[in-house]
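Below you'll find the structure, written out as structure tokens, and then a few comments.
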Amino acid sequence: MELIHEHTEMDQNRKIRVGITHGDINGIGYEVILKTLSEPRMVELCTPIVYGSSKALSYHRKALELPNVNFNMVPRAEEALENANNLVEVLDGEVKIELGNATEIAGKAALASLKRAADDLRNGIIDVLVTAPINKNTIQSDEFHFPGHTEYLESRIGEGNKSLMILCNDNLRVALVTTHLPIAEIPQAITKEAIVEKLGIFNESLARDFGIIKPRIAVLALNPHAGENGMLGKEENEIITPAIEEAYANRILCFGPYAADGFFGSGQYRHFDGVLAMYHDQGLAPFKTIAMESGINFTAGLPYVRTSPDHGTGYDIAGKNMADEQSFRQAIYKAIDIFRCRENYYEMRSNPLRKQYFDKSGDKEVLDLTKEDNDTPEILND
């Protein structure tokens, strides 16, 4: 499954430009951004470009009593400087911040940042996007009517490609067949076609974005004890197993369905390069238990790289200087790693070796360099 996107090589003489959205201004977004960008080595690794508000940034820094972090203020991301933290102003005038509260103003501010960054990502002005957490309710509007970042970005910059949510750290990658759905709607969304599609995207992403050759994917069951051969549900026999068989026939190394209750606790996940879960909490609950601080969210399947920390707005600790920035830092690192991995993937595939044809008509096999790839080799009889 190839991405519908024309790949263009990045100027190798410049650092990767990392676009960062500020998320919900009443949450911990600015706290984890400031703590992450306070490290001098970050600007040595990449060019950070925050789409936000200088007033909101200053408010959070003072409220949290954090050390000063210098920013280069620019009207457009094209003017961002290397070896510096940059901020693109996306909000006009004063910004009302109510730490720990869900407000309409915060929702509008989050959307303004996301829209500007997504457009710059699509236009090649930034190379990757790292998003701070949003409130999925307050951001809703005529322009944003999606369950979350993943679905919004698929619609806005997906270019016809289907997205896949992958939670990952260095040792574990969990993808989801369904994402932000009520539990009552999940069984209807679990179809053979959906599973086969997600397996295809997952398999391609593991190769292209993570550099894993012939990845092995475990598929989790939907029902307790994998349905107990139909006693506890028919989805395993009628939907999931046929989907695995079809994907395997298409040369995807997928196995299962595995009962979800003991799969992670027993360490079975360590035998696979990726795990496909049927629904949100089935995959995220064990993932966050195992990798809460080091885990990140990656939107696979799209022509562009987007990552985020695996935590939410953190209203309960907003403004208290208690937020851990490790996941946000890892989101930046992983975005850079995936971008570079894709560059290598496309470079290796850009000039494949031509097919070789042999003339076996005589006593010896002779390499025939006169034939083109679209020629049909003749079979010469003695």
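Each value in this text was obtained by applying a stated rule to the coordinates, not by laboratory testing. Computed from a prediction, not measured in an experiment: that's the story for all the values here. Using ideal geometry, Cβ is built from the backbone for each residue, glycine included, and neighbour counts are taken over all protein chains shown.
Note that segment 133-138 has calculated 3J(HN,Hα) couplings of x, 10, 8, 5, 8, 5 Hz, one per residue in order, obtained from phi through the Karplus relation 6.51 cos²θ - 1.76 cosθ + 1.60 (θ = phi - 60°); glycine and proline are x. Between ASN68, ASN203, ASN83, the residue with the greatest mean-square fluctuation in the GNM of the chain (Cα pairs under 10 Å linked by springs) is ASN68. The C-alpha atoms of the chain define a longest principal axis, and helix 280-291 lies at about 80 degrees to it.
In order along segment 48-64, phi translates into HN-Hα couplings of x, 10, 8, 9, x, 9, 5, 5, 5, 4, 5, 4, 5, 4, 6, 5, 8 Hz, rounded to whole numbers, per the Karplus curve 6.51 cos²θ - 1.76 cosθ + 1.60 with θ = phi - 60° and x for Gly and Pro.
Quick one: grab the alpha carbon gyration tensor of segment 65-166, order the square roots of its eigenvalues as a ≥ b ≥ c, and give me rounded if a/c is under 1.5, else prolate or oblate depending on whether a/b is larger than b/c. Provide the component values of the computation, followed by the final result.
On the way: a/c = 1.90, a/b = 1.13, b/c = 1.67.
Oblate, because a/c is 1.5 or more while a/b does not exceed b/c.
Where in segment 40-61 is the amide nitrogen less than 20 Å from a point lying 7 Å along the Cα-to-Cβ axis of GLU347? Those under the cut-off are 45-47. Scanning residues 5 or more positions from ALA221 or on other chains, those with amide H under 5 Å from its amide H are TYR258, ALA259, ALA260, with H placed 1.01 Å from N in the peptide plane.
Tell me the relative contact order for the chain as a rounded percent, counting alpha carbon contacts under 8 Å between residues six or more apart. Don't skip to the end; give the middle numbers.
Details: 712 pairs, mean separation 77.2, N = 382.
About 20 percent, as a whole number.
Label sites at ASN321 and ASP170, each approximated as a point 7 angstrom past Cα along Cα to Cβ, lie 3.0 nm apart. Note on VAL174, VAL43: ascending count of other Cβ atoms within 10 Å places them as VAL43, VAL174, the fewest first. Annotation: amide H of VAL305 within the under-5 Å range of LEU129, sequence separation 5 or more or interchain, hydrogens built in the peptide plane. Phi angles of segment 151-157 translate, via the Karplus equation with coefficients 6.51, -1.76, 1.60 and θ = phi - 60°, into HN-Hα couplings of 5, 5, 5, 4, 6, 7, 10 Hz per residue; Gly and Pro are given as x.
The length gained by stretching the chain between ILE213 and LEU66 to full extension, at 0.36 nm per residue less their Cα-Cα distance, is 48.5 nm. Among bridges DSSP assigns within the chain, what percent are antiparallel (round to 5)? Close to 35 percent. If you put +1 on each Lys and Arg Cβ and -1 on each Asp and Glu Cβ, how big is the dipole of segment 164-297 around its Cα centre, in Debye rounded to 20? Dipole of segment 164-297, to the nearest 20 debye: 360 debye. For segment 164-297, the relative contact order works out to 37 percent when only alpha carbon pairs closer than 8 Å and six or more residues apart are counted.
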